[in-house]
Amino acid sequence: MTLERITAEAAASALIVMGALNPADQAGTVVLLGTGPGFWSVFSAAPEYADGQRDPVDRWSKRVIGVMAANLGANTAYPSDGPPYPPFIAWALASGRFHTSPVGMMVHDQVGLMISLRGALLLPERTCLPVANAPSPCDSCAAPCTRACPVGALAADQAYDVDACRGYLDTAAGSACMGSGCAARLACPLSAGAARDPAQSALHMKAFLRR
């Protein structure tokens, strides 16, 4: 199995390969899949989007990635599985394509802070992978993410203030973040690489506020 074939299979469903690794503590290869630039147009035409049930993106992800896995002879893992939950953060950082940003969230070399990991393919055999050990993009960045949050919920050298974030989002002033996405995430220069439709961010923000 080649990474090129997996990348092509993912692209057919508006997903991208965000990272891959051969873990030292398990057999086979882990391939991390996330939403790509065309995701919203594909997802918004899917039955999960319109059926009114909870967790439409998670359900879409399990259906679509499940089909991919069957075609590729792989098993699957999803961030929503658990507890116990699969170690997606550890996998991501070990892939060499994710780093920790100054505001604590992970940053990706292609989509910046607009990360939406939807699942992982667990290949039974080891796959030859390209070396991915570039330095963090944050090392040469002026870190606008640390200054973008209107209420300072995400800033350098502090824990994420979830209560301040939710409290702001639940006001008229928070409508910009609710409609377009987190201001700190959008401030990352690499986030433009996600080409994310604001409607996708709005869906995620509504889900976050409901928790």
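The values are calculated or read from the model by the stated rules, or taken from the named source; none is laboratory data. Only a predicted model underlies this, so the values are computations on that prediction, with no experimental measurement involved. Counting neighbours? That spans all protein chains shown, and the Cβs are built from the backbone with ideal geometry, glycine included. For the accessible areas, the whole protein counts, side chains as well, though only heavy atoms, and no ligand, DNA or RNA atoms are used. Shrake-Rupley method; radii C 1.70, N 1.55, O 1.52, S 1.80 Å.
Of Ser44, Ser201, which has the most accessible area with a 1.4 Å probe, and how do the rest follow in descending order?
The ordering from most to least exposed comes out as Ser44, Ser201.
Can you give the accessible area per residue of region 6-124, in Å², using a 1.4 Å probe?
41 Å²
For a quick check of understanding: with a 1.4 angstrom probe and all protein chains in place, what accessible area in square angstrom does Thr76 have, to the nearest ten?
That residue has around 50 Å² of solvent-accessible surface.
I need the fraction of alpha carbon pairs in region 143-211 separated by more than 17 Å, rounded to a whole percent.
41 percent
With a sphere of radius 11 Å drawn around the Cβ of Trp60, what net charge do the other residues whose Cβ falls strictly inside it have (Lys, Arg +1; Asp, Glu -1)?
After counting each charged neighbour, the total is 0.
Could you give me the ³J(HN,Hα) list for region 61-77, computed from phi with Karplus coefficients 6.51, -1.76, 1.60 and θ = phi - 60°, whole Hz, x at Gly and Pro?
Each residue of region 61-77 in turn: 4, 5, 5, 5, 5, x, 5, 4, 4, 4, 5, 9, x, 10, 9, 9, 9 Hz.
HN-Hα J couplings of region 88-99 from phi, Karplus 6.51/-1.76/1.60, θ = phi - 60°, integer Hz, Gly and Pro as x?
Values per residue, Gly and Pro as x: 4, 5, 5, 4, 4, 5, 6, 6, x, 10, 10, 9 Hz.
Could you tally the net charge around Val111, taking each other residue with its Cβ under 14 Å from the Cβ of Val111, Lys/Arg +1 and Asp/Glu -1?
The answer is +2.
Grab the DSSP H runs of the chain that are 4 residues or longer, score each as -39,500 (n - 2.57), total them, divide by all residues and round the 222 nm result to the nearest 500 deg cm²/dmol.
It comes out at -10000 deg cm²/dmol, rounded to the nearest 500.
In whole Å, what are the Cα extents of region 49-108 along the three principal axes, biggest one first?
Sorted largest first, the three principal extents are 38, 31, 22 Å.
Please sort by residue number the trypsin sites (Lys or Arg not before Pro) in region 73-145 whose DSSP state is loop and whose Cβ has at most 14 other Cβ atoms within 10 Å.
Qualifying residues, ordered by number: Arg126.
Run the accessible area of region 142-189 with a 1.4 Å probe and give the carbon-and-sulfur part as a rounded percent.
Of all accessible area on region 142-189, carbon and sulfur atoms account for 56 percent.
Between Rg and the Kirkwood Rh of the chain, both from Cα atoms, what is the Rg to Rh ratio?
That ratio equals 0.96.
Please give me, ordered by residue number, the chymotrypsin sites (Phe, Trp or Tyr not before Pro) of region 96-182 that lie in loop per DSSP and have at most 15 other Cβ atoms within 10 Å.
Tyr160
Can you tally the net charge around Ala69? Count Lys and Arg as +1, Asp and Glu as -1, for every other residue whose Cβ sits under 12 Å from the Cβ of Ala69.
+1
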